[in-house]
Each structure stands twice: as C-alpha cells, then as structure tokens.
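Working notes, structure below.
The values are calculated or read from the model by the stated rules, or taken from the named source; none is laboratory data. Remember, it's a predicted structure, so these values are computed and weren't measured experimentally. Cβ placement follows ideal geometry from the backbone for every residue including glycine, while neighbour counts extend to all protein chains displayed.
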Amino acid sequence: MKFISRVFLPLLLLIYIGYETWLKLNHESLCSATGCRLAGEILRFPDIYLNYLGLTAVGAILLFGLFSLFSRAFEKLYFITLYAAIAFESIMIGYQILVNPEPCLFCLGVYSGLLLIALISRPRWFLYALPAIFAIFFALSDLAIPRNAALITKDGLYLIASDHCPHCRKVKTYFAEKEIPYTRLDVKDPSVRHLAKSLGIDEIPILLKREEGKTTILYGDRPIIASFEHSEKSGTAESGTLPVTAADLYANPDEGGCTLSPVENSGCEAPEPEIKLR
C-alpha cells in the first residue's frame, strides 16, 4: 500500500500534469470547459508556470515518497510536501469557485489526485487535515471577492445604486416617472463595487450607458437627471440619450452622491422600498 500511495499514484499524477503541460506548450489542453479557459485570467503570471510548479511539487512528492520506503527521515518531508500542495491547491480551487462560473476541471483532477494520495497514505492524518481544508474554503467564502464575469453585456442603461442612498432613490424615482428602462447593479455586490472603484469613482449613483460599443458614464443624481432633462428640452427623440462628448464622459460629480467608502458617512443610512417601473 505504501508503494501505491507514495510512488505509483504520484507517478500517475506527474504524468497527468506533464501531459497537460506538453499540450499547453503546443496550444492545446485536456480541459476545454469555461472554467479552464478562465482559470488563467486570475493568475498574475502565464498559466504555464502553474503547470511547472505542479510538476515540481508532485515530483518532490514522488521523490520523497520513494526514499521514504527506505528511510523514515524522508517520510516527514513526504507528508510536509504533500499537505503543503493540498493547502495550495485548496486555495486555488476555492478562489476559482468563488470567482469563476465554474472551476478548472484540470485543477480539480490534480486536487482529487492529491487528496486520494493523502487518504491512502495515512487515513488518520487525512481526517485530521479535513477541518483545515474546510477552513480554507470557509475563509475564502467570507471574503468579498469580485466575480470574473462581465457586468455590462449588452446595450442599455446600467445604474449602480444602493437602497440606503437618497441620491440613488431620486434617480430611480425619476426613471420610474419617465418610464426609462434600466438595469440596476447593486453596490453591495463586490463585483459592482470593484467596477466603480476601478473607474476612479467613489460615490453613487453611477449611470453607465452602453451603445454601439461606446460607454458613457455619469455619476451623482444631479448630473444624471440633468442629462435627461437636457435631452428632453433639446427635443431629442430618445429620452435616454446621454451626452457623448469627451468632456461629458465623467460628468461633474461634486454634488448629489453618496460616498462608497465604508469609513465615511454621507447621510445614506435609512433604506426605503425599491422603486419599480410601471
């Protein structure tokens, strides 16, 4: 049983990772699922280096496992390396599950192989490690991590707002009265908050209009409402038309917005019922 868990299974896993690495070097892959294609986008380096890291880790597990059959000194190194790899892969898989629509199937294969090796090698130690593995997934699920998915997928109006913001309610009430359709993006969503912060905007409401590949951005209730009032007064056929000049890309945000910062208070406290279109 020791030979199977410490040599045979690590060797199979090494071949599995090595074959995927060879395929990637030739612009192919064992995995064609969405999660596999998106996995590389959340890395800070080319995903091929993650394969090299996997080869190194599993190669070390195989080497220490082989030597542990003859010397107990290598047994400790074997288990340390094995559970370090499991901890690393637990974080990677947990993050993928939270960020991507689905995890990478290849990564799941590697993770399953590591867990199987640990279970067969020393079942009691594996049971001891389970709470730590669950703790990693639980800790990651507590973090407000933005999703790796597009928020604006088609033409239209998108309003970043909050139930607690009176300035947001002004815009939503105006849209309801004018029967202007829009898609609401709740600022409580980490992805929505990340979008606002990445634009350099620290207050809501924020209105984004996408039309024919171009996105116009306004924020603050006064600039947003004024843009529609201006369109009506100028006789624009479409009431939802926004200014599209370079100067209007970020309209004056000095007044009419609630801060996004959690450490500041701008009077946006009491929630009110959501305004719905008739």
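Restricted to the range 72-92, and to residues there that are assigned to a helix (DSSP H, G or I) and modelled with pLDDT under 90, the residue that is surrounded by the fewest Cβ atoms within 10 Å (Cβ to Cβ) is Ala73. Condition (residue is surrounded by 15 or more Cβ atoms within 10 Å (Cβ to Cβ), over 18 Å from Ala39 (Cβ atoms), free of Cβ contacts under 8 Å to residues at least 40 places away in the same chain and not assigned by TED's automatic domain parsing to the domain that holds Leu208) applied to the range 151-163: is it met by at least one residue? Scanning the range 151-163, I find no residue that is surrounded by 15 or more Cβ atoms within 10 Å (Cβ to Cβ), over 18 Å from Ala39 (Cβ atoms), free of Cβ contacts under 8 Å to residues at least 40 places away in the same chain and not assigned by TED's automatic domain parsing to the domain that holds Leu208, so the answer is no. The residues of the range 205-215 that are at pLDDT 85 or above and not acidic (Asp, Glu), listed by number, are Pro205, Ile206, Leu207, Leu208, Lys209, Arg210. Test Val192 against the stated conditions and say whether it is within 29 Å of Leu98 (Cβ to Cβ) and part of a helix (DSSP H, G or I). The answer is yes for Val192. For the residues Leu114, Leu119, the requirement of being under 30 Å from Ile4 (Cβ atoms), buried (at least 19 other Cβ atoms within 10 Å of the Cβ) and not aromatic (Phe, Trp, Tyr) singles out Leu114.
The set of residues in the range 184-201 that are touching a Leu at 6+ places or on another chain (Cβ under 8 Å) and exposed (fewer than 15 other Cβ atoms within 10 Å of the Cβ) contains only Lys197. Does the range 164-172 include one or more residues that are surrounded by 15 or more Cβ atoms within 10 Å (Cβ to Cβ) and part of a loop (DSSP other than H, G, I, E, B)? Yes, the range 164-172 contains at least one residue that is surrounded by 15 or more Cβ atoms within 10 Å (Cβ to Cβ) and part of a loop (DSSP other than H, G, I, E, B). Can you confirm whether the range 38-56 contains a residue that is assigned by TED's automatic domain parsing to the domain that holds Glu102, within 16 Å of Ile117 (Cα to Cα) and surrounded by 13 or more Cβ atoms within 10 Å (Cβ to Cβ)? So far as the range 38-56 goes, yes, one or more of its residues are assigned by TED's automatic domain parsing to the domain that holds Glu102, within 16 Å of Ile117 (Cα to Cα) and surrounded by 13 or more Cβ atoms within 10 Å (Cβ to Cβ).
Can you say whether Pro273 is of a type outside the set (Gly, Ala, Ser), at pLDDT below 85 and either more than 23 Å from the chain's Cα centre (by Cα) or exposed (fewer than 11 other Cβ atoms within 10 Å of the Cβ) (or both), as far as the supplied structure shows? Against the criterion (of a type outside the set (Gly, Ala, Ser), at pLDDT below 85 and either more than 23 Å from the chain's Cα centre (by Cα) or exposed (fewer than 11 other Cβ atoms within 10 Å of the Cβ) (or both)), Pro273 qualifies.
Scanning the range 14-41 for residues that are polar (S, T, N, Q) and either in contact with a Phe, Trp or Tyr (Cβ under 9 Å, 6 or more places away or on another chain) or modelled with pLDDT of 70 or more (or both) yields Thr21, Asn26, Ser29.
Pro146 - would you say it is modelled with pLDDT of 90 or more, farther than 30 Å from Lys76 by Cβ and in a loop (DSSP other than H, G, I, E, B)? For Pro146, the condition - modelled with pLDDT of 90 or more, farther than 30 Å from Lys76 by Cβ and in a loop (DSSP other than H, G, I, E, B) - is not met. Restricting attention to the range 122-140, does a residue exist that is in contact (Cβ under 8 Å) with a residue 12 or more places away in the chain and under 19 Å from Arg193 (Cα atoms)? Within the range 122-140, one or more residues are in contact (Cβ under 8 Å) with a residue 12 or more places away in the chain and under 19 Å from Arg193 (Cα atoms).
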